[in-house]
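Structure first, then comments.
Each value in this text was obtained by applying a stated rule to the coordinates, not by laboratory testing. This is a predicted model, so every value here is computed, not measured. Cβ: placed from backbone, ideal geometry, glycine included. Neighbour counts: every protein chain shown.
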Amino acid sequence: MNDFLGLQNSPHFSVELTSDPIEENYTRQVKNASFSYVKPVTPSNPEILHVSEQFLNELNLTINDKKEFLKIVSGEQSFHDFKSYAMCYGGHQFGHWAGQLGDGRAINIAEIDINNTNWKFQLKGAGPTPYSRRADGFAVLRSSIREYLCSEAMHNLGIATTRALSIVKTGDLVTRDMLYNGNPKDEQGAIVCRVSPSFIRFGSFEIFAARQDVENLKKLTDYIIKHHFPTLGKPSKETYLAFFKEVCNRTKDMIIHWQRVGFVHGVMNTDNMSILGLTIDYGPYGWLEDYNPLWTPNTTDAQNKRYRFGNQPNMALWNLTHLANALYPLIEDVPALQTILEDFKHDYLTSYSVMMLKKLGLYNIIDNNEFLPTLEKLLHQSEVDMTIFFRTLSDKQTTNFEVFWESINNASYLSGHELVNHKTAWQDWYVTYLTYINIEKVDALEREQRMKAFNPKYVLRNYMVQLAIDDAEKGDYNLIDELYKLIQNPYDDQPDMEKWYTKRPDWAKHKVGCSMLSCSS
Ligand code: AMP
Ligand code: MG
């Protein structure tokens, strides 16, 4: 085990890419640069609320001096004199080009080589930067708890994501109008220390393309390929195309995983799309409870539902198309880029159906094009809890329709007399399902194990995090720790955690923070 504080910086991003020559901290357009040097604000009374022991263990690290650690992750002190910085990027927000966005409230505080990876450490909510536009650069406790727990939950679900090392309460107040309805309130400020091999986004490329800064566009692309896709080869049009193809593949894999576990990101703007295919920027995200492809947790998007569960693959493609546009000046080959985008569509559909069949314990059959859509329609119409449905199917294998029907009853949010209307349709679907199971000839025990490793028992439902937030706002952090422990092993039966394996309680259906979330954080 190494002491985290004893590690040394080995900067890549901030020495290889172009810095903004201005080091004063005021809001501005930053041209011809990938980042601006800026220091975090020192919080008035910082307190550690939680540290991800699991992540430390994975990196083979310990923290010997907790007080010094707090100084680093609260922004009070630099990490061995590292020159901290905020990154420049642009983005399409809700379908429209928004110009320069950038790290308005994130500051990179270290770049460290650990286990053959150059990790970037970033404080989210540590004060304003040149990219803060009209906002304050801070983050509130509720959204920080949500980001902290969910990034670790996603990792343990086996989904590529940025990580969270720690969460600190700053002791300062931050004013937020949570639902943008003219009711501003003072809330407790917090800082999450996020960690990732890279925080570069699609929007990091878009900003240079929009400004016709081909020199920095090429520099950024070459940098990314050299450090993150080194096997693709030396800079050339072919390499850039291979790079774009790789980003498409990683994005596809990430979205397939989101659909597998019922994760809805909520704000898939191009500035929130990682070039490494990592889930990034946990804002108004949510987990599907009753299976509804039209659902989005983000009230800011309630009208159009652009980022609804069922639209996530389309939005990924839309975002990739804009990344293709941004890379075009380096490639200048529209048909080649289009072919890769077409492949994404096709590959996604194939992978999606393989994934859904796996959720059902079917590994060898080929979808007849009716079977999965019928299931999805039934789950939707019957308002069945997605997680509970697939987990029960994994756990309690039966060939008896009435037993199966009982489990649908248990997992549905409809009343018995509403649900019964769908019984015949379920029965028809179930007959096909049993036929497929028979064709498979997979041993039942083996199937159970494989299905349980694929269909999580515990996901971080919004109401669960909201309970942890309500307690934390009163100074009780026990539930953060309990949920943190729960999400370590989402696929295991955890007998003492059975209370978290249940449908969303009624009180949470329309509660702010549970089903209604906004971008205000
Ligand atoms: P998001 O969609 O939440 O990832 O944020 C979009 C943009 O707004 C990013 O450039 C953020 O850095 C910026 N932003 C969000 N909240 C704040 C804040 N409180 N202060 C400064 N910038 C912010
Ligand atoms: Mg963002």
- ³J(HN,Hα) computed for each position of the range 480-493 - Karplus, 6.51 cos²θ - 1.76 cosθ + 1.60, integer Hz, glycine/proline x: 4, 5, 4, 5, 4, 5, 4, 6, 5, 10, x, 9, 8, 6
- HN-Hα couplings for the range 58-70 via Karplus (6.51, -1.76, 1.60; θ = phi - 60°), in whole Hz with x for Gly/Pro, come out as 4, 8, 6, 10, 10, 10, 7, 10, 5, 5, 5, 4, 4
- With the Cα gyration tensor of the range 362-452 in hand, give its eigenvalues times 5 under a square root as the equivalent ellipsoid semi-axes, listed largest first in whole angstrom. 22, 15, 12
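So what is the relative contact order of the range 3-64, in percent, for Cα pairs below 8 Å that sit 6 or more residues apart? Walk me through the numbers on the way to the answer.
Values: 39 pairs, mean separation 25.7, N = 62.
Relative contact order of the range 3-64: 41 percent.
When you have a sec, figure out the Kirkwood radius of the range 213-358 from all distinct Cα pair distances and drop it here in Å to one decimal?
Details: mean 1/r = 0.0620 Å⁻¹.
It is 16.1 Å.
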- Just from its helices, what would the mean residue ellipticity at 222 nm be for the chain, if runs of 4 or more DSSP H residues each count -39500 (n - 2.57) and the sum is divided by every residue, rounded to the nearest 500 deg cm²/dmol? -13000 deg cm²/dmol
- Message: Taking amide H atoms as placed 1.01 Å from N in the peptide plane, list the residues 5 or more away in sequence, or in a different chain, whose amide H sits under 5 Å from that of Leu61.
- Response: Asn2
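Return the equivalent ellipsoid semi-axes of the chain as a descending list in whole Å, where each equals the square root of 5 times an eigenvalue of the C-alpha gyration tensor. Display every interim value, and only then the final one.
On the way: eigenvalues 298, 158, 91 Å².
Taking √(5λ) for each Cα gyration eigenvalue gives 39, 28, 21 Å.
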- Item | Amide H contacts of Tyr89 (H built 1.01 Å from N, under 5 Å, at least 5 apart or other chain) | Leu101, Gly102, Asp103
- Return the loop-located chymotrypsin sites (Phe, Trp or Tyr not before Pro) in the range 174-247 (DSSP other than H, G, I, E, B) with at most 15 other Cβ atoms within 10 Å of their own Cβ; answer none if there are none. Tyr180
- Taking Lys83 as the anchor, which aspartates and glutamates have their alpha carbon closer than 15 Å to its alpha carbon, excluding any fewer than eight residues away along the same chain? Glu16, Asp20, Glu23, Glu24, Glu111
- Which whole-number percent is the relative contact order of the range 2-202 (Cα, under 8 Å, 6+ apart)? 23 percent
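Out of all DSSP beta bridges in the chain, what portion is antiparallel? Express it as a percent rounded to 5.
Details: 42 of 48 bridges.
So the antiparallel bridges amount to about 90 percent of the total.
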- Place the peptides 398-407, 41-50 in order of packing, highest mean first, counting for every residue the other Cβ atoms within 10 Å and averaging per peptide. 41-50, 398-407
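Go through Lys31/Lys67; Lys237/Lys305; Lys237/Lys359; Lys124/Lys219; Lys66/Lys120 and tell me which ones have a Cα-Cα distance over 32 Å in this structure. Write down the numbers at each step before the final one.
On the way: Lys31/Lys67 38 Å; Lys237/Lys305 37 Å; Lys237/Lys359 39 Å; Lys124/Lys219 26 Å; Lys66/Lys120 20 Å.
Violating the 32 Å Cα-Cα cut-off are Lys31/Lys67; Lys237/Lys305; Lys237/Lys359.
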- Query: Where a Cα-Cα gap under 19 Å defines reach, which aspartates and glutamates qualify for Lys185, not counting those fewer than 8 residues away within the same chain?
  - Reply: Asp136, Asp172, Asp177, Asp470, Asp471, Glu473
- Note on the structure: Counting sequence-distant residues (5 or more places) and residues on other chains, those with an amide H built under 5 Å from that of Arg201 are Ile275
- Please report, for the Cα atoms of the range 424-521, the Rg to one decimal and the Dmax as a whole number; what are they, in angstrom? 18.5, 56
- Packing-ranked peptide list from 492-499, 129-136, 186-193, highest mean Cβ count within 10 angstrom first, is 186-193, 129-136, 492-499
- Item | In order through the range 167-175: 3J(HN,Hα) via Karplus (6.51 cos²θ - 1.76 cosθ + 1.60), integer Hz, x for Gly, Pro | 10, 10, 8, 7, x, 10, 9, 10, 8
- Over all viewing directions the Cα convex hull of the range 107-223 casts an average projected area in nm² of 9.5 nm²
- Message: Could you check the spin-label model distance between Ala425 and Leu341? Points 7 Å from the Cα along Cα→Cβ, value in nm.
- Response: 3.5 nm
- Message: Going Cα to Cα from Lys423, which lysines come in below 21 Å? Please leave out same-chain ones fewer than 8 positions away.
- Response: Lys377, Lys396, Lys503
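Which whole-number percent gives the relative contact order of the chain, counting Cα pairs below 8 Å spaced six or more residues apart?
Values: 975 pairs, mean separation 74.4, N = 521.
Averaging sequence separation for qualifying contacts and normalising by length gives 14 percent for the chain.
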